[in-house]
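**Q** Below you will find the structure I want to go over with you.
Nothing in this text is a laboratory measurement; each read-out follows from the coordinates by a stated rule. Model, not experiment: these values are computed from the prediction. Cβ coordinates were reconstructed from backbone atoms using ideal geometry, including for glycine residues, and neighbour counts include every protein chain displayed.
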Amino acid sequence: MEMKQLAEKIGAAGVVGAGGAGFPTHKKLAPGIDTVLINAAECEPLLYTDYAILKQHMDMVLSGAQSMAEAMGAKQVVLCIKHHTALRLALEADQPLGGICRTGVLPDVYPMGDEIIMIYQALGRVVPPGQLPSSAGVVVINAETAYNVCNALQGIPVTKKWLTIGGSVEHPLVIRVPVGTNVGALLRKAGVTVPEGYVVLDGGPAMGAIVSPATAIVTKKTKSLLILPETIPAVQAKRANVQRLLKRTSSACCQCMMCTEMCPRHLLGYPLQPHRTLRAAGSGNISHPEDLLSASVCSGCSVCTLMACTQGITPSVVMTEVKMNLGKNRLGYRGTEPTRPAAERDFRLVPSDRFMARIGVARYDRMAEWAGDWETDQPFYTLPLSMHVGKPSVPVVQEGDMVTAGQMLAKAEDGISAALHASIDGRVAKVTSREIEIQREVK
């Protein structure tokens with residue numbers, strides 16, 4: 001299939017990155033690509049979503065990725081999985097998987113799911129700071145994204161989401177639910193309660209966000225729902241106050257450089273130096289603007305906060321704040337100097353089991369079992385028009401319209417955007433500039 005035709009099919013199905021920021025997948029198709037990487041590394045602890053997808057539908061994942069590779073003229077597809085996942089799936093390193101596909105077994109370290117880290121580990125290539133993987137001849141897609149691409153080729157749009165329910169629960173599960181499912185209703189159906197002093201995270205323990213079960217919904221990007229105590233380091237770091245941190249930074253940071261020396265991207269040769277960014281942000285000194293601009297290439301992995309800092313400053317929170325403000329002002333790192341991995345990189349990788357212990361989640365790491373498709377009894381499903389990077393989707397339905405699951409509710413805007421489809425049968429109850437609400441059809 002030609003690249004343009006494939007892009008139209010993927011775009012019409014509303015496929016976006018299922019494991020990260022939600023970049024519209026049809027916009028990743030480009031000439032000059034020689035390798036497609038399937039990111040099934042399950043970057044953060046406690047997540048088993050990608051493992052379940054591979055165990056249930058390996059053929060569809062490989063088919064979707066190979067279709068993209070062939071359309072772009074790529075020569076290989078590499079299924080990137082960690083060593084422990086390879087053992088569970090009885091796969092070996094560089095094992096042929098049919099067609100142009102093979103395995104790429106990665107070490108059990110954090111954050112191996114960062115696409116920049118993965119590209120170097122799997123292919124030995126360093127993506128230039130501030131550039132996309134395509135600049136290194138690579139396209140990276142999540143395992144679930146590849147699965148959705150396979151469906152898109154059959155005309156099946158994205159209406160459901162695979163996710164892990166884990167953490168402090170009796171039976172961790174991997175399930176598939178309609179997009180727009182209310183988190184509180186889903187947890188009740190799973191028999192999960194959130195005790196006093198616990199929180200719900202949308203995403204992993206290091207990079208996920210604290211959400212309110214009453215109002216939070218499952219989006220195209222939701223990878224997991226974790227119930228964790230608010231006293232563990234992973235959760236405490238998320239509640240840090242930025243302004244207080246900046247004051248603490250100016251007085252308590254000892255400039256030991258541990259945050260920089262353990263930064264996974266700094267070890268790849270990126271110009272990230274969190275200790276310098278902290279110093280500049282805390283003092284307001286902008287005599288060296290590169291100290292602040294370099295924050296734009298931070299991945300937000302939180303190694304600096306959860307593994308390196310001995311002063312309780314949580315550098316990652318400051319880095320994220322600086323990065324956000326740079327984005328608002330359309331500023332970022334624009335350097336062109338060559339990038340070279342540090343000689344000591346391999347000796348500073350963070351073992352996954354050690355990372356889990358340090359952030360307080362090791363006792364919750366239990367295999368999540370595949371439990372199939374679920375639906376809740378909630379009367380309304382809310383579907384945001386911005387479940388992806390770029391411009392919001394444009395509604396094509398009106399209040400009162402009857403819709404069926406899979407029917408397009410909103411088309412992709414010009415530029416970077418994605419289509420949106422009904423996840424259930426029902427009546428359009430509300431259409432705003434932010435969301436579409438569907439009232440479930442009572443059968």
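**Q** Kindly indicate whether Val139 is in a strand (DSSP E or B) and farther than 19 Å from Thr25 by Cα.
**A** No: the conditions fail for Val139.
**Q** Is it fair to say Ala71 is of a type outside the set (Asp, Glu), in contact (Cβ under 8 Å) with a residue 12 or more places away in the chain, over 25 Å from Lys160 (Cα atoms) and part of a helix (DSSP H, G or I)?
**A** yes
**Q** Tell me, which residue of segment 115-125 that is touching a Gly at 6+ places or on another chain (Cβ under 9 Å) and crowded, with 18+ Cβ neighbours inside 10 Å is farthest from Asp346 (Cα to Cα)?
**A** Step by step, filter segment 115-125, then rank; the result is Glu115.
**Q** Next question. Out of all the residues in segment 363-406, which are farther than 22 Å from Thr159 by Cβ and without any contact (Cβ under 8 Å) to a residue 40 or more places away in the chain?
**A** Once the filter is applied, which keeps residues that are farther than 22 Å from Thr159 by Cβ and without any contact (Cβ under 8 Å) to a residue 40 or more places away in the chain, segment 363-406 yields only Arg363.
**Q** Which of the residues spanning segment 72-86 are buried (at least 18 other Cβ atoms within 10 Å of the Cβ) and over 17 Å from Tyr147 (Cβ atoms)?
**A** Met72, Ala74, Lys82, Ala86
**Q** Here is a follow-up. Among (1) of a type in the set (D, E, K, R); (2) in contact with a Lys or Arg (Cβ under 8 Å, 6 or more places away or on another chain); (3) closer than 19 Å to Ser352 by Cβ, where does Arg265 come up short?
**A** Evaluating Arg265 over (1) of a type in the set (D, E, K, R); (2) in contact with a Lys or Arg (Cβ under 8 Å, 6 or more places away or on another chain); (3) closer than 19 Å to Ser352 by Cβ leaves (2) as the failure.
**Q** Which residue, of Ser287, Ser302, is free of Cβ contacts under 8 Å to residues at least 12 places away in the same chain and hydroxyl-bearing (Ser, Thr, Tyr)?
**A** The unique qualifying residue is Ser287.
**Q** In segment 21-44, what residues are within 14 Å of the chain's Cα centre (by Cα) and surrounded by fewer than 22 Cβ atoms within 10 Å (Cβ to Cβ)?
**A** Across segment 21-44, the qualifying residues are Ala21, Gly22, Phe23.
**Q** Pull up segment 74-119, narrow it to residues that are acidic (Asp, Glu) and touching a residue at least 40 places away in the same chain (Cβ under 8 Å), then point me to the one that is farthest from Ala18 (Cα to Cα).
**A** Looking at residues that are acidic (Asp, Glu) and touching a residue at least 40 places away in the same chain (Cβ under 8 Å), I get Asp108.
**Q** Does any residue in segment 326-351 that is free of Cβ contacts under 8 Å to residues at least 40 places away in the same chain come within less than 6 Å, Cβ to Cβ, of a residue that is surrounded by 10 or more Cβ atoms within 10 Å (Cβ to Cβ) and not aliphatic (A, V, I, L, M) six or more places away or on a different chain, and which pairs are these?
**A** Leu326/Ser296; Leu326/Gly332
**Q** Would you check which residues across segment 411-432 are surrounded by fewer than 21 Cβ atoms within 10 Å (Cβ to Cβ) and within 25 Å of the chain's Cα centre (by Cα) and list them?
**A** Answer for segment 411-432, where residues must be surrounded by fewer than 21 Cβ atoms within 10 Å (Cβ to Cβ) and within 25 Å of the chain's Cα centre (by Cα): Lys411, Glu413, Asp414, Gly415, Ile416.
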